[in-house]
Amino acid sequence: MTKPSKSTTYLLIGIAIIFVLWGYFVLYDIADPYKAKTIKKISEPYEDPVYLIFNWETEDQIQVGKKIYLQIEAIGLPYNNTTLPPIEITIDETYLNYWNDENTENHEIMDDPKFRLDNWENDSLRSKVIPLRFIVPADIPIEYCDYDLSSNCITIQNIIHPAPFDLADEIKNSRISITASLVIVGLSSIVVWSRFRNN
């Protein structure tokens, strides 16, 4: 069996590099969900600051229309794990889309996303993971209710600003452009290699 020539080896290496880059820039982003944390400091009405940690997970970015999974935790609370009433956090319905899944035929309506922080874990109070969808690209506030402290809720502004709906199209077009560029590079390499081999 004859050994492949140097030009063949270089061509195969070039094609392999193209496929690796294509897999990284296109397939990796699709397969791996986008995860992010945002942290909000609450200085009042507590004596010491409390920090709310928002754990976001979605497909590409936190944007209008995409289903987003959110889990909230609070650290620095002046309580221990014997706290009876949970802390409740709600997002106003005017910011939300209640459509559950565009792929279902049952037209399921999404529940109100009320986050009950009632699960102690490593000195933090956590909620369950709850799905939601934003409907407007605006600064999103929340209502924060600590019933151990007061019966009144406080509004906390600017938790997140989801990206506009058309971001999905921009991401899709970018992926198509990257794929087309890599295909052109790959085909050009084959043409150059073929001419080089025939000469």
Accessible surface of Val129 - all protein chains present, 1.4 Å probe, nearest 10 Å²:
90 Å²
Got a sec? What order do Thr155, Thr58 fall in by accessible area at 1.4 Å, biggest, i.e. largest, first?
Thr155, Thr58
Check Leu96: other-chain or 5+ apart residues with amide H under 5 Å from its amide H, H built from backbone geometry?
Ile135
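Counting pairs of alpha carbon atoms under 8 Å apart in space and at least six apart in sequence, what relative contact order in percent does the range 33-162 give?
Details: 284 pairs, mean separation 31.7, N = 130.
Once divided by the residue count of the range 33-162, the mean separation gives 24 percent.
The values are calculated or read from the model by the stated rules, or taken from the named source; none is laboratory data. Here the structure is a predicted model, which means the values were calculated and not measured. Keep in mind that these areas ignore ligands, DNA and RNA; they rest on the heavy atoms of the full protein, side chains included. Shrake-Rupley method; radii C 1.70, N 1.55, O 1.52, S 1.80 Å.
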